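Working notes for the structure below.
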Ligand SMILES: [Zn+2]
C-alpha cells in the first residue's frame with residue numbers, strides 16, 4: 001500500500017500526473033491541491049520576461 005506523498009499518512013487515492021511531475025495523493029491532499037491550484041489561477045501570472053535575452057546578444061560568436 002502506498003501512502004500519500006504529501007501527508008505521508010493517508011492511503012493514496014489519487015494518482016496525479018503532469019508533465020513536470022507525478023504525485024500520489026490521498027483525497028484530502030488532492031482536494032487541498034485543487035483548492036491551491038484554484039487560488040493560483042486567480043492570481044495574474046504575468047511575469048517580467050526579457051525577450052532581449054532570448055533573441056540573443058551578439059556576444060559569443062564562434063568564428
Ligand atoms: Zn495526503
Expected unfolding gain across residue 16-residue 38 under the 0.36 nm per residue rule, minus the alpha-carbon gap, is 6.3 nm
Neighbour-count ranking for 21, 27 (other C-beta within 10 angstrom, fewest to most) reads 21, 27
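Laboratory data are not the source of any read-out in this text; all were calculated from the coordinates shown. In this text the structure is predicted, and so the values were computed from the model without any measurement. Every residue, glycine as well, gets a Cβ built from its backbone with ideal geometry; the counts of neighbours run over all protein chains shown.
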